[in-house]
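Okay, structure first, notes after.
The values are calculated or read from the model by the stated rules, or taken from the named source; none is laboratory data. Note that the structure is predicted; figures quoted are calculated from it, not measured. With ideal geometry, Cβ positions are generated from the backbone for all residues, glycine too; neighbour counts draw on all protein chains shown.
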Amino acid sequence: MSAPAEVTPLIAPMRWLLYVAAFLVFLAGLVLFVFPLRTDEFFAWTVNPPMTAVFLGAAYWSAAGLEVTGARSASWDSARLAVWPVFVFTTLTFGVTLLHLDRFHLSSDTPTAQIATWAWLAIYAAVPVAMLIISWMQTRSRAPAPKSVRAGRPVLPPALRLLMVGIAGVLLLYGVALLAVPVQASTWWPWTLSELTARAIGAWLVGLGWSAAQGQFGDDLRTVRPVALTSVAFVILQALALLRYGDALTWPSAPAIGFITVLLAIGVAGGWALALSRSPVAGRR
């Protein structure tokens, strides 16, 4: 076992930024997952079909878990697995928003839709900047680490690392394709997407892929817990989404089979990593 190592404690501004971000994505997920047929009234843009809304809602809710878990982390080593995927996702989503601004409810007759739109623009413009500034403050922090956050660093099993690398590769490559060439890439998605929804999903896939790629480099089982919890929550919520609107998928097409296969792989990797992170060896010094 490796020698005990000093780790940097999480500073308060970063902790509160993650809590605020978690609350905001929870609200977005609430609208999309619970009211998928009313996005024209309560969301920044109208999301169709409902399966797309519940898919995005599930992604937002699972991200809320990632951010809360990151905020509750004692160390920056663990919390940054929540910070950088969120930074990548919010930056990409802000770019997608500017690219498709005509689809947003900036001049909607529904006040709630207008409020949601302006809040969306403010949040996605401000969060990436705030994360950069507070991350700089975090890296400048040199406060001594308390004993409770000193631990040995058992590495992830090679098989789990390999699985996470495979998941990351699929999500990153396909997510970039949806962002760059949404019309062509969406032909491999199991239900119909517009250019905006294809790019919105692409931003999520890149963020999730980044999370998987970053997580497999972790050399302490406990630092991957935020990613593991998020993966498990994501799969459970997507399963519920399929139970509600799964008839939107083209069964038994290759895209539908691929979609289910990737979900299962994410669930296996997340459950495996979560089990390891809670094992006695993860807390051994």
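Okay, residues lined up against (1) touching a Lys or Arg at 6+ places or on another chain (Cβ under 9 Å); (2) within 30 Å of SER141 (Cα to Cα); (3) among the polar types (S, T, N, Q):
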| position | (1), (2), (3) |
| --- | --- |
| PHE35 | no, no, no |
| THR69 | yes, yes, yes |
| SER73 | yes, yes, yes |
| TRP76 | no, yes, no |
| LEU81 | yes, yes, no |
| THR93 | yes, yes, yes |
#### Entry: Whichever residue in region 68-83 is of a type in the set (A, V, I, L, M, F, W, C) and touching a Pro at 6+ places or on another chain (Cβ under 8 Å) and, among such residues, is farthest from LEU208 (Cα to Cα)
ALA74
#### Entry: Subset of region 257-285 that is crowded, with 18+ Cβ neighbours inside 10 Å, more than 17 Å from GLY65 (Cα to Cα) and over 19 Å from the mean Cα position of the chain (by Cα) - its residue that is modelled with the lowest pLDDT
ALA282
### Query
Is there any pair linking a residue in region 215-244 that is over 12 Å from LEU263 (Cβ atoms) and surrounded by fewer than 21 Cβ atoms within 10 Å (Cβ to Cβ) to one that is β-branched (Val, Ile, Thr) and at pLDDT below 75, with Cβ under 9 Å and at least six apart or on different chains, and which?
ASP219/VAL155
### Message
Take ALA12 and tell me if it is within 20 Å of MET131 (Cβ to Cβ), of a type in the set (A, V, I, L, M) and modelled with pLDDT under 95.
### Response
yes
### Task
Among the residues of region 135-158, write down those that are small (Gly, Ala, Ser) and modelled with pLDDT under 90.
SER141, ALA143, ALA145, SER148, ALA151, GLY152
### Query
Could we say that ALA64 is over 18 Å from VAL224 (Cα atoms) and either without any contact (Cβ under 8 Å) to a residue 60 or more places away in the chain or not hydrophobic (A, V, I, L, M, F, W, C) (or both) here?
no
